[in-house]
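Accompanying notes for the structure given below.
Please treat every number below as a calculation from the coordinates, not as lab data. All values reported here derive from a predicted model rather than from experimental measurement. Please note: Cβ atoms are built from the backbone with ideal geometry, for glycine as well, and neighbour counts cover all protein chains shown.
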Amino acid sequence: MTRIGRVPRAADFPPGTRFVIKDFDVPLACVPGPGGVAWVNWFGGVARPYDAGRLRVDNNWPAGSFDEWAALVADSLA
């Protein structure tokens with residue numbers, strides 16, 4: 001079965017989720033949960049686990065807003 005990408009809504013995430021941009025076009029989310037945090041890559045509109053070990057000080061930054069982050073997800077669907 002093919003998973004169809006979509007742009008998530010802010011309400012899809014629990015409070016405390018951090019939205020991060022990597023390398024100018026990769027939308028990552030750091031989602032808190034009972035077992036700690038989970039990093040998720042939303043490029044292409046499908047949530048996939050992301051290895052945070054790939055993050056460096058110089059290749060990512062916090063998104064200015066959820067809307068900025070969601071726009072990257074939307075651009076990745078095109």
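Structure notes:
- Selected from R48, R18, R56 as most flexible by GNM, with the chain as the system and alpha-carbon contacts under 10 Å: R56
- Quotient of C-alpha Rg and 2.2 N^0.38 Å, computed over the stretch 11-51: 1.10
- At q = 0.11, 0.21, 0.23, 0.27 Å⁻¹ the log10 of I(q)/I(0) for the chain amounts to -0.25, -0.94, -1.12, -1.46, computed by Debye summation with a single uniform scatterer per C-alpha, solvent ignored.
- On the basis of the beta-carbon distance and an R0 of 22 Å, R9 and A52 show a calculated FRET efficiency of 0.40.
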